[in-house]
Amino acid sequence: MKKIAIVALLSTLVATPALADNTGKMYIAGDLGSASYSNVSPFPNPGVIRIAFGSHFSPNLAAEIGYSKFGDSTLTGPGGSATISASAFQIAAIGSFPLNPQFDLIGKLGLSHNSSKGGGLAAGITTS
């Protein structure tokens, strides 16, 4: 019985029917979420929005560029307030391997350039 189950499982992975070819097609992706500043814990967790643009070079390979913007996170106290803001620019290669008509195995490898700014006013002293 185990041999039949193994053969059935392998056949679903190997016998992939003709799938739609996305070569030359472009796409836009978006994400909404939240972030946490674990190393500066008193700051509230900001929202994050990401927009990305990608293009398929072959049925199994695509490239993507994206930009993420983190909302400002402000901490206010009796002596003043401080704000942290961050953003990121990403570039990635995406590979996909169709397992069956409903599922693809997807991998993403890329680079990101992250930047953040912080500043505040505490008892009349400005920092940035």
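Listing for the model above:
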quantity	calculated
Filter pass, D72 being exposed (fewer than 15 other Cβ atoms within 10 Å of the Cβ), at pLDDT 80 or above and out of contact with any helix residue (DSSP H, G or I) (no Cβ under 8 Å at 6 or more places or on another chain)	yes
Within the range 75-93, considering residues that are at pLDDT below 90 and among the hydrophobic types (A, V, I, L, M, F, W, C), the one nearest to K25 (Cα to Cα)	A86
Qualifying residue in the range 37-45 (condition: open to solvent by less than 80 Å² (accessible area, probe 1.4 Å) and at pLDDT 90 or above)	no
Residues that are open to solvent by 100 Å² or more (accessible area, probe 1.4 Å), at pLDDT below 55 and not β-branched (V, I, T), drawn from the range 109-128	S128
Check on S81, at negative phi, of a type in the set (G, A, S) and loosely packed, with under 14 Cβ neighbours inside 10 Å	yes
Subset of the range 15-35 that is at pLDDT 75 or above and open to solvent by 80 Å² or more (accessible area, probe 1.4 Å) - its residue that is farthest from S115 (Cα to Cα)	K25
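The values are calculated or read from the model by the stated rules, or taken from the named source; none is laboratory data. Everything quoted here is computed from the prediction, not taken from an experiment. In this analysis, Cβ positions are derived from the backbone assuming ideal geometry, glycine residues included, and neighbour counts consider all displayed protein chains. For the accessible areas, the whole protein counts, side chains as well, though only heavy atoms, and no ligand, DNA or RNA atoms are used. Shrake-Rupley method; radii C 1.70, N 1.55, O 1.52, S 1.80 Å.
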